[in-house]
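A.B. asks: Handing you a structure now.
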Amino acid sequence: MDYLPVFMNVRDRDAVIVGGGIVASRKAALIAGCGARITVVSPDLADAMRSAIDNGGYCWIDREFMPADLDAAWLAVAATDDPDTNRQVHAAATERRIPVNVVDTPALCTFILPAIVDRSPAVIAVSTGGRSPVLARFVKSLLERALPARLGKLAEICGELRSGVAARLGDPLARRRYWERLLEGDFPELVCAGKEEGARQRARASLESAPRTTGTTGTVYLIGAGPGDPELLTLKAQRLLQRADVVLYDRLVPVGILAMCRREAELVYVGKQNGDHPVTQEQIGKLLVRYAERGMRVARLKGGDPFIFGRGGEELETLAAAGIDFQVVPGISAANGAASYAGIPLTHRDHAQSVSFWTGHTRDGRLDLDWQSMSRSRQTLVFFMSTANLAEISQRLIAGGMAATMPAAVIQAATTPRQTVMRTSLRKLADAGGRLDRSLPTLIVVGTVVNLRRNLDWFHGDAGDAVPVFPPHLSNAARSEHDAA
């Protein structure tokens with residue numbers, strides 16, 4: 001983020017607006033609406049600003065700006081047509097460590113005024129970092145249509161209830177559980193329907209029956225994060241991520257999905273890759289049990305689908321043995337996502353009547369697979385975690401009877417802006433491995449369906465290597481935190 005989103009209390013504080021035009025009057029009206037005392041510095045006034053001064057009680061200084069005008073200010077806005085004056089306001093505010101906004105000049109702003117959805121006391125601010133105010137207004141219009149008009153009244157009633165809830169429920173987790181149950185029920189609907197007293201009664205009854213503690217055991221959500229595109233995350237997965245107290249995530253969980261987690265949730269990196277297991281599978285199981293035994297809601301985020309080469313079954317066995325409740329939220333498999341975004345149907349009446357998934361990496365390092373069955377015609381093979389064994393896969397398939405000219409595709413960072421697809425043949429598969437980025441998730445598709453990509457290729461990555469699609473490797477400091485797990 002370029003700007004820290006904050007809501008500033010300016011009630012009964014001094015705000016200086018430098019400029020007397022239409023834009024300056026709009027900025028002044030917005031800030032005055034939050035209770036600030038407005039001082040306008042300008043030798044000339046537009047009719048709108050003059051009217052605001054006459055009717056709004058603004059103080060007007062009829063001259064050019066002087067740095068001393070900011071001596072008592074809490075914030076400043078420069079909205080003149082003179083770039084030199086605007087720069088002077090920025091310099092004076094910076095020297096005094098006063099937040100300053102220079103209209104239409106993001107480089108000189110220490111704060112910006114966003115597009116606002118006002119359902120006071122519920123307020124939503126939308127910003128594009130000054131890049132596109134029109135886009136911010138467009139997003140605001142979408143939110144205006146989606147949010148109920150009585151959202152502010154809902155916030156007011158929650159505020160009324162807050163002290164009583166805090167008095168009865170001393171455990172912070174118990175309080176949060178109460179509010180989640182209340183807001184996920186029919187309480188909001190009662191408020192939005194104008195049945196405010198009924199809503200209050202429902203809230204009080206729910207509070208009387210609310211447990212004062214969260215209990216001794218929490219729940220684990222085993223969630224498939226999908227192949228990479230955050231928009232492919234399921235609605236249920238997104239909802240549970242907002243409820244989780246702690247999130248254990250793998251290396252191949254996209255950063256865009258991590259951003260969907262509740263802001264207060266603890267994020268724990270437990271990523272692994274071939275030859276580097278800073279947090280072992282056994283340690284991951286112990287962490288899940290330990291967090292759940294503290295009464296927490298634990299999200300276990302895995303790339304793709306947790307039951308397709310994701311060791312999800314092993315982790316659930318650990319939870320079941322410890323008596324921990326769990327839920328499973330499937331994700332779009334990396335195979336389905338990668339093939340779809342690469343324009344390669346996994347089945348097709350003219351090419352393949354079956355598809356099979358294979359691991360390219362085994363526990364003991366030996367690829368002891370059923371190579372003979374793979375050589376059958378009219379099928380598609382998909383290999384996971386196979387970058388280190390491309391040569392052996394190619395040799396074994398050819399030795400098992402598959403044609404050396406059989407089409408193959410190597411797909412990396414599927415469904416993300418960094419997606420790349422190399423279409424090759426089984427004989428040249430090993431050569432393609434020399435051009436791979438071993439840090440990215442990779443799938444291999446083998447079969448004549450690969451040729452369909454010529455006409456069905458629709459998705460193209462549009463970002464360079466600098467785009468942070470997946471989280472960084474675990475730091476040494478973070479590794480030590482898990483050693484005792």
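The values are calculated or read from the model by the stated rules, or taken from the named source; none is laboratory data. Values in this document were obtained by computation on a predicted structure and should not be read as measured data. Methodologically, a virtual Cβ is constructed for each residue, glycine included, from the backbone with ideal geometry; neighbour enumeration extends over all protein chains shown.
A.B. asks: So is residue 93 within 30 Å of residue 189 (Cα to Cα) and aliphatic (A, V, I, L, M) or not?
C.D. replies: When the stated conditions are applied, residue 93 does not pass them.
A.B. asks: Now a separate question. How many residues are under 26 Å from residue 66 (Cα atoms) and touching a strand residue (DSSP E or B) at 6+ places or on another chain (Cβ under 8 Å) when one looks only at segment 106-142? Lay out the reasoning, then the answer.
C.D. replies: Of the residues in segment 106-142, the ones under 26 Å from residue 66 (Cα atoms) are 106-113.
So of that shortlist, the ones also touching a strand residue (DSSP E or B) at 6+ places or on another chain (Cβ under 8 Å) come out as 108-113.
The qualifying residues number 6.
A.B. asks: Further question on the same structure: Answer yes or no: is there a residue in segment 394-409 that is crowded, with 23+ Cβ neighbours inside 10 Å, modelled with pLDDT of 95 or more, touching a Lys or Arg at 6+ places or on another chain (Cβ under 9 Å) and closer than 26 Å to residue 311 by Cα.
C.D. replies: Within segment 394-409, one or more residues are crowded, with 23+ Cβ neighbours inside 10 Å, modelled with pLDDT of 95 or more, touching a Lys or Arg at 6+ places or on another chain (Cβ under 9 Å) and closer than 26 Å to residue 311 by Cα.
A.B. asks: Of everything in segment 205-238, what is basic (Lys, Arg) and surrounded by 12 or more Cβ atoms within 10 Å (Cβ to Cβ)? Give them in sequence order. Let's see the steps before the verdict.
C.D. replies: First, pick out the residues of segment 205-238 that are basic (Lys, Arg): 212, 236.
Once the filter is applied, which keeps residues that are basic (Lys, Arg) and surrounded by 12 or more Cβ atoms within 10 Å (Cβ to Cβ), segment 205-238 yields only 236.
A.B. asks: Here's another thing I want to ask about it. Any chance segment 419-426 includes a residue that's assigned to a loop (DSSP other than H, G, I, E, B), at pLDDT 90 or above and more than 25 Å from residue 279 (Cβ to Cβ)?
C.D. replies: In the first step, residues of segment 419-426 are kept if they are assigned to a loop (DSSP other than H, G, I, E, B); the result is 419, 426.
Applying the additional criterion that residues be at pLDDT 90 or above yields 419, 426.
Filter once more, keeping what is more than 25 Å from residue 279 (Cβ to Cβ): 419, 426.
Yes, because at least one residue in segment 419-426 is assigned to a loop (DSSP other than H, G, I, E, B), at pLDDT 90 or above and more than 25 Å from residue 279 (Cβ to Cβ).
A.B. asks: Looking at the structure I just gave you, is residue 462 closer than 30 Å to residue 1 by Cα, outside the structural domain of residue 230 (by TED's automatic domain parsing) and either more than 27 Å from the chain's Cα centre (by Cα) or modelled with pLDDT under 90 (or both)?
C.D. replies: Yes: the conditions hold for residue 462.
A.B. asks: Taking segment 282-314 only, how many residues are of a type in the set (D, E, K, R) and crowded, with 23+ Cβ neighbours inside 10 Å? Break it down into steps so the answer makes sense when it comes.
C.D. replies: Residues of segment 282-314 that are of a type in the set (D, E, K, R), as a first pass: 282, 286, 290, 293-294, 297, 300, 302, 305, 311, 314.
Pick out the ones that are also crowded, with 23+ Cβ neighbours inside 10 Å and you get 297, 300, 302, 305.
Qualifying residue count, segment 282-314: 4.
A.B. asks: Which of (1) surrounded by 21 or more Cβ atoms within 10 Å (Cβ to Cβ); (2) part of a helix (DSSP H, G or I) does residue 26 not meet, given it meets every other one?
C.D. replies: (1)
A.B. asks: Let me ask you something else. Only one of (1) assigned to a helix (DSSP H, G or I); (2) touching a helix residue (DSSP H, G or I) at 6+ places or on another chain (Cβ under 8 Å); (3) polar (S, T, N, Q) fails for residue 242. Which number is that?
C.D. replies: All conditions are met except number (2).
A.B. asks: Every residue in segment 343-366 that is out of contact with any helix residue (DSSP H, G or I) (no Cβ under 6 Å at 6 or more places or on another chain), not hydroxyl-bearing (Ser, Thr, Tyr) and not in a strand (DSSP E or B), please.
C.D. replies: 349, 350, 353, 361, 363, 364, 365, 366, listed by residue number.
A.B. asks: Can you tell me which of (1) closer than 21 Å to residue 231 by Cβ; (2) of a type in the set (S, T, N, Q); (3) at pLDDT below 75 is the one residue 412 doesn't meet?
C.D. replies: Status for residue 412: all satisfied but (3).
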